[in-house]
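In what follows, a single structure is set out as C-alpha cells and then discussed.
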Amino acid sequence: MNTFSDTAISRTKLWSHRLIMVSGKGGTGKSLVAASLACLAAKSGLRVLLVGSSSSEQLAPLLPIQSTKSSQASSARQSLTLVNLSPEDCMRGFIEDHLKMKQLYQKIFRHRVMRSFTEAIPGLDEIMLLGWLHNKCKPPSSDPREFDLVIFDAPASGHFFGLIGTPSAVLSSGLTGPMIGEIRNIQSFLQDPQQSCCLLVSLPESLVSSETLDFAKKITESGHISLKGILLNRCLLSETLSAQLRQLKEEPTVIRYLERRYQQSIKEQKHLQSELEMSALPAGLLTLPESGQIPEPLTPEFLDVFWESLAP
Amino acid sequence: MTLHSIRHLLNKKVLILLGAGGVGKTSCSLGLALSIAQTGARVGLISIDPAKRLAAAIGLRSGEGLKEILRPEGSQGRGKVFATMLEPQEVFDEMVRRHAKSEKAAERILCHPLYEAASRRLAGPAEYMALARLRDMINNPELDMVIVDTPPDQQALDFLSKPDILASFRENKVMHWLVLPIHMAGKFGASRLFSVSEKLMGGLARITGIEALKKMAEFLMLLEQVIDGFHKASEGILETLRSQKTAFLLVSACHSTSLRTARHLATQLHRQKYPLAGIFFNRCLPDDIRASLKRTEKQANPHPWLKSLQQRRKMEDEGIESFLSWSSGSMRPGLLLRIPEQQDCIHSREALCAFSAAFNLDVQN
C-alpha cells in the first residue's frame with residue numbers, strides 16, 4: 001500500500017470540484033489522463049461528463065462508451081458521458097440552451113456570412129466554450145443538474161492559457177451588455193478553487209518538465225484558475241524494481257536503457273518536488289508509471305494503477 | 001521500409017513538417033536541415049512559435065531575422081543552416097505596423113481594447129506572415145532549400161487554412177454591409193443603426209449588447225486595411241505549396257493517439273491537394289534496444305519494466321504497420337523513416353549532429 005506524501009493529490013478533494021481541466025505540453029498524455037480520471041470518478045459513483053475539443057476524436061477509443069453529440073449530452077442517463085465539442089456546438093448550446101434563444105440562433109448564427117463575422121470576433125468562440133462548460137457544471141436554477149463533475153481534455157499549454165484568460169481579457173476591454181453578466185459568472189466560477197481546478201500533465205524529461213514548471217507559475221500568477229497538481233507521466237520509479245533489474249545480466253543494452261530511464265524519472269520527480277516547494281505553488285505532484293502500451297479501451301487493471309497513485 | 005530514398009527530398013525547394021504538438025517537429029526540422037546542409041546545400045529554416053527552451057538552446061531569438069545557426073563539419077564551407085523564428089504576438093504587431101495606412105492608424109489598432117485578445121487568438125496573421133516570410137526565403141538566391149517547422153499546440157493545418165478564413169471574410173465583403181452600418185451608428189447615433197443589417201446584427205446585439213457590438217465593429221473596421229495587406233503579402237504562395245517543388249512531411253510518434261492525428265492530417269492534405277512526401281516516425285526505440293528486446297522475448301517471467309518495453313516495441317511495430325496498411329494508393333507517402341529517440345535533449349551542437357544522423361542522406365534506405 002502506498003504511503004502518501006504531503007503533496008499527494010487526493011481523489012476526495014479532486015471529486016469535490018465541478019470542473020477539472022487537464023492541460024500540459026502536447027504529447028504528454030492529456031487525453032489519457034482526462035479519460036482515466038473520468039473513468040475513476042464515474043467508478044466512485046459520480047455522474048461524469050468528459051469533454052474533448054479536438055477535431056480528431058482522441059477520447060472515444062479510450063472509453064468503453066460511444067461519444068454523443070453535444071445536443072444530446074443532456075439526455076444521456078449514464079454515469080459517464082463523452083462529448084466532442086466544436087465551436088459551432090458551443091455557440092448553439094450556449095445560445096439555445098442557456099440563454100433560451102433558440103430562434104435567434106437558428107435565424108442569426110447559422111447564417112453563413114454571419115458565421116464569418118463571428119469567427120473574426122476575438123474571443124467569442126472561447127467565451128462560448130467556457131459558457132457551455134459552465135452551463136453543464138451550473139445550469140440555470142430552473143434546470144436540474146445532470147452532472148456532478150465535468151472533466152475537460154483541454155488544449156495544450158499556449159492555447160489553454162489563451163482560453164482561460166479570455167473572460168478577463170473581455171471584461172477589461174470595457175464592453176457592456178447582457179453578455180458581460182454571463183462572462184462575469186464564468187470568470188468567478190473558474191477562479192473559485194472550490195469549484196474549478198486544472199491539472200498539468202508532464203514527462204520525466206528535463207525540457208518538458210521545466211516548461212511545465214514555467215507554465216505552472218504562469219497559471220498561478222494569473223489567478224485565472226487554481227492549479228491542483230502536476231502529473232508526471234511515463235515514470236519508472238520503484239527502487240525495488242530497479243534493484244531487481246540490476247541483477248539481470250543477459251541483455252546489458254536494455255538494462256542500461258531502463259536504468260537510465262529510472263535515474264531520469266527520479267531526477268525529474270525530485271526536481272519538480274523541490275521547485276514546487278521552493279516557489280510555494282499550492283500544487284500536488286503525482287507520478288504515473290510507464291505502461292508500454294495504452295490499452296484501448298482502458299482496462300480495469302490499467303485504471304487500478306492510476307487509482308492507487310491517488311491519495312484517498 | 002521506404003519507396004523513395006530520403007535523397008528524393010534534395011530535389012525539392014520547400015519542405016513543410018506537420019504533426020501534433022509534442023511529437024518533435026522542431027527537432028526533426030533541425031535534424032533534417034543539418035543533414036541536408038551536410039550535402040553542401042544552404043538551408044533556411046522557419047520555425048513558428050517553437051518550444052522556448054529548444055529555441056534558446058540553438059540560439060534562436062524572436063525578433064531577429066534570418067541568421068546562421070549551424071555549419072556542419074566537412075561540408076567544405078558551403079553547406080549551412082540559417083534559421084528564423086516567428087512568434088505570433090510579435091508577428092501581428094509587425095504586420096499591423098507594416099500594413100496600416102499611417103503610424104497613427106497603427107497605434108489606434110495596437111491600443112484598441114480588443115487588440116490584446118485578438119492578437120493572441122486570431123491565428124490568421126501569424127500564418128500570413130509565415131507565408132510571406134516563406135516567399136521571401138524561396139526567392140532568396142542564397143538559399144537552396146527552405147524548411148518550415150509549423151506551429152505546435154494547434155491544428156497543424158491552420159497554417160494553410162486560416163488564411164482562407166480571413167480571405168473569405170474579405171471576399172464576402174462582410175465589412176461593408178454588416179459591420180460598416182454599426183460603425184457608422186457610433187458616429188451618427190443609434191437611429192441609423194439597423195438600416196441595412198437590421199435583422200442579423202440586431203440579433204447579435206441581443207447577445208452582446210450594442211456597445212460591445214460597436215466596439216467590435218470599430219475594431220474590425222480598423223483591421224480591414226491591414227487584412228488587405230496580409231493578403232497581398234502572401235499572394236501566390238499557396239500555389240507554390242501545391243507544386244512539385246514542395247514536399248509535406250508528417251511527424252508522428254508511434255502510439256495510437258499520435259498515429260490517429262497523422263492519419264487525420266494525411267487525409268486533410270490529400271483533400272486539399274497538398275503533396276505528402278513522407279512520414280517520420282519519431283521517438284522510436286533505437287535499433288540496438290530493439291534487437292536486445294527481441295532476444296528477451298522468450299523469458300518466462302520478464303521484469304515488469306522489461307515487459308513494458310517489450311509492449312512498447314510491439315506497439316511501435318503494430319502502429320507503423322497499421323499506418324502502412326491504412327495509407328494505400330495515392331495517400332501512401334513515398335518516404336517512411338523511423339527516427340530513434342534521443343538519450344539527451346538535442347540541446348548541444350554535438351547532440352544535434354548525432355540526431356541528424358537519423359536523416360542520413362548517404363544511405364539508400
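Since every read-out is calculated from the coordinates, none of them should be taken as a lab result. As the structure is a prediction and not an experimental result, all values here were calculated from the model. A quick note on method: Cβ atoms are made from the backbone with ideal geometry, for glycine too, and the neighbour counts reach across all protein chains shown.
At 7 Å along Cα-to-Cβ for each site, give me the label-to-label distance between B:K273 and A:K102 in nm.
Reported label-point gap for B:K273 and A:K102 is 4.3 nm.
Report the Cα-based extents of chain A along its three principal axes, largest first, to the nearest Å.
72, 39, 35 Å, listed from the longest principal axis down.
Can you tell me how much longer the chain between A:S274 and A:K13 gets when fully stretched, taken as 0.36 nm per residue apart minus their C-alpha distance, in nm with one decimal?
91.7 nm
What are the aspartates and glutamates whose alpha-carbon lies under 19 Å from the alpha-carbon of A:K100, with same-chain residues fewer than 8 places away excluded?
Excluding near neighbours in sequence, the set is A:E88, A:D89, A:D125, A:D143, A:E146, A:E182.
What does the net charge come to around A:T287 if you take all other residues with beta carbon closer than 12 Å to its beta carbon, with K and R at +1 and D and E at -1? Each step should come with its number before you reach the end.
Working: positive: A:R234, A:K270; negative: A:E268, A:E290, A:E308.
Overall, the nearby charge balance is -1.
In the structure displayed, which of B:K273/B:K314; A:K30/B:K232; A:K218/B:K25 lie more than 31 Å apart, Cα to Cα?
Values: B:K273/B:K314 34 Å; A:K30/B:K232 39 Å; A:K218/B:K25 25 Å.
With Cα atoms farther than 31 Å apart: B:K273/B:K314; A:K30/B:K232.
For the range A:218-265, which GluC sites (Glu not before Pro) are both in a DSSP coil and crowded by at most 14 other Cβ atoms within 10 Å? Write out the running numbers ahead of the final one.
On the way: sites: A:E221, A:E239, A:E250, A:E259; in loops: A:E250.
For GluC sites (Glu not before Pro) across the range A:218-265 that sit outside H, G, I, E and B with at most 14 neighbouring Cβ atoms in 10 Å, the list reads A:E250.
Test of understanding: extend the Cα→C-beta vector of B:E239 to 7 Å, then name every residue of the range B:128-143 with backbone N under 18 Å from that spot.
Answer for this model: B:131-140.
Taking B:K80 as the anchor, which lysines have their alpha carbon closer than 16 Å to its alpha carbon, excluding any fewer than eight residues away along the same chain?
B:K13, B:K67
How well do other chains shield peptide B:301-307, expressed as the mean number of their Cβ atoms within 10 Å of each residue Cβ? Show your work: numbers first, answer last.
Numbers: counts 0, 1, 8, 8, 17, 7, 1.
Other-chain Cβ atoms within 10 Å of each residue's Cβ, averaged: 6.
Which whole-number percentage describes the relative contact order of chain A, with Cα contacts under 8 Å and a sequence gap of 6 or more?
Worked out over chain A, it gives 26 percent.
Hey, got the average number of other protein chain Cβ atoms within 10 angstrom for residues in A:285-298?
Numbers: counts 0, 0, 0, 0, 3, 6, 3, 13, 12, 5, 1, 2, 0, 0.
Mean shielding count: 3.
Report the gain in length on full extension from B:E321 to B:E64: 0.36 nm times residue separation, minus Cα-Cα distance, nm rounded to one decimal.
Stretched fully, the B:E321-B:E64 segment lengthens by 88.3 nm.
Once every Cα of the range B:1-66 carries one equal point scatterer and solvent is ignored, give the base-10 log of I(q)/I(0) from the Debye formula at q = 0.15, 0.21, 0.29 Å⁻¹, two decimals.
-0.55, -1.02, -1.46
Can you figure out the FRET efficiency of A:Q247 with B:R71, using R₀ = 51 Å and their beta-carbon distance, to the nearest 0.05? Mind showing how you got there, number by number?
Numbers: r = 47 Å, r/R0 = 0.92.
That gives a FRET efficiency of 0.60.
If packing is taken as the average count of other Cβ atoms within 10 Å, what order do A:182-190, B:65-73, A:229-237 fall into, highest mean first?
Values: A:182-190: 18.9, B:65-73: 14.4, A:229-237: 23.6.
For the peptides A:182-190, B:65-73, A:229-237, the packing ranking is A:229-237, A:182-190, B:65-73.
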